[in-house]
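See below for the structure under consideration.
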Amino acid sequence: MENRRNFLKKSALGTLGVSTVMSCDTLNKTSSEAVFPRIISTWNHGLDANKKAWEVLKNGQGGLSAVEEGVKVTEADPNVRSVGLGGYPDREGIVTLDACIMDKNSNCGSVSYLQNIKHPISVARHVMEDTPHVMLSGSGALDFAISKGFKQENLLTEASKNDWIKWKEKSDYKPKINIENHDTISMLLIDENRDLYGACTTSGAAWKMHGRVGDSPIIGAGLFLDNEVGAAAATGLGEAIIKTSGSAMVVELMRQGHSPLEACKTIVDRISKIHMNSPEWEYLQVGFIALNKNGEYAGYSLRKGFNFSLQDEINKDLLIDAKFQI
């Protein structure tokens, strides 16, 4: 373990994929430019999501529809094994989905433990707009989705099913921290009026206990925004993020004058201190993205390997390696 930690500390940031990758030094300079609109999303699958969101925004459909339609691209992609269709199942072989969405007026909607519906983010929007509630869960969320015209379908692809069968041979539950285990897509958007919107959607941790819900559908944990201040979203081990109300705390620090990078780093450091001597430390990974009212943005994670995608009038298809603690 000690050798692994030393290696992580000494490792340099690498380039990922074929998209343009920005160094952290360049990030610090570019993030201070006031460019509106601007979209950031977690992970490299955020590149395609950003493209769609940008298209919707430029077509005049508004920031809320932009973040919804953007993350729907990832939800529908069976090759993204931690979101929507093709997501890894729980230990019972069932794909369960969590999502939330939030607008500039602090309206929000959420679904958790939803099954057989490919686009939980759209169900979450209906919860926000068509009910007096914030969150619906389980069979209630499914019944609501069906009442809104959503069609049920099997979300467990053959690829994910085969991986689940292999996992059952040992049934060893331990979340992975490597970069191949991209989990969740979270998207933050600031439009030309400097209004903020956000969305987050996931199939959660692979091989989780049946019924487990992570941070992604919880307003203040997986996603939070205050239109006077900024927005933040999380990725990584949901239990650790929930325990610190991570995204809400990042936004609160930005309210106090911290930059997006400082705010993300402070909360990651806090999570690190809480869990450093715990059993989950070996596999713990958390990361945050943040976007403030001035259009400044950043990403920061506990361990190396987290990246996020940027789209604005200057930067197209940009993948950025986030700074990290260890």
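The values are calculated or read from the model by the stated rules, or taken from the named source; none is laboratory data. Just so you know, these numbers come straight off a predicted model, no measurement behind them. In this analysis, Cβ positions are derived from the backbone assuming ideal geometry, glycine residues included, and neighbour counts consider all displayed protein chains.
The condition (being crowded, with 20+ Cβ neighbours inside 10 Å, touching a residue at least 12 places away in the same chain (Cβ under 8 Å) and within 20 Å of Asn50 (Cα to Cα)) is satisfied by just one residue among Leu237, Leu223: Leu223. Listed by position, the helices (runs of 4 or more DSSP H) contained in segment 15-84 that have at least 1 residues being touching an Asp or Glu at 6+ places or on another chain (Cβ under 8 Å) and modelled with pLDDT of 80 or more are 46-58, 63-75. Just to be sure before I move on: is Ser272 under 26 Å from Val71 (Cα atoms), in a helix (DSSP H, G or I) and of a type in the set (S, T, N, Q) in the structure I sent? No. So Val111 passes all but one of these: (1) β-branched (Val, Ile, Thr); (2) surrounded by 20 or more Cβ atoms within 10 Å (Cβ to Cβ); (3) assigned to a helix (DSSP H, G or I). Which condition number does it fail? Tallying (1) β-branched (Val, Ile, Thr); (2) surrounded by 20 or more Cβ atoms within 10 Å (Cβ to Cβ); (3) assigned to a helix (DSSP H, G or I), Val111 fails exactly one: (3).
Could you tell me whether segment 115-122 includes any residue that is within 20 Å of the chain's Cα centre (by Cα), of a type in the set (D, E, K, R) and assigned to a loop (DSSP other than H, G, I, E, B)? Among the residues of segment 115-122, at least one is within 20 Å of the chain's Cα centre (by Cα), of a type in the set (D, E, K, R) and assigned to a loop (DSSP other than H, G, I, E, B), which makes the answer yes. In this structure, Met209 does satisfy being surrounded by fewer than 17 Cβ atoms within 10 Å (Cβ to Cβ) and hydrophobic (A, V, I, L, M, F, W, C).
Checking each residue of segment 221-229 against the condition of being of a type in the set (A, V, I, L, M), out of contact with any strand residue (DSSP E or B) (no Cβ under 8 Å at 6 or more places or on another chain) and over 19 Å from Thr42 (Cβ atoms) gives no match.
Picking from residues in segment 127-152 that are free of Cβ contacts under 8 Å to residues at least 60 places away in the same chain, of a type outside the set (S, T, N, Q) and outside any helix (DSSP H, G or I), the one that is nearest to Gly93 (Cα to Cα) is Lys151.
Would segment 237-259 turn up any residue that is among the small types (Gly, Ala, Ser), in a loop (DSSP other than H, G, I, E, B) and within 16 Å of the chain's Cα centre (by Cα)? So far as segment 237-259 goes, yes, one or more of its residues are among the small types (Gly, Ala, Ser), in a loop (DSSP other than H, G, I, E, B) and within 16 Å of the chain's Cα centre (by Cα). Taking the listed residues Glu313, Glu282, the one that is farther than 20 Å from Tyr197 by Cβ, exposed (fewer than 15 other Cβ atoms within 10 Å of the Cβ) and in contact (Cβ under 8 Å) with a residue 24 or more places away in the chain is Glu282, with no other qualifying.
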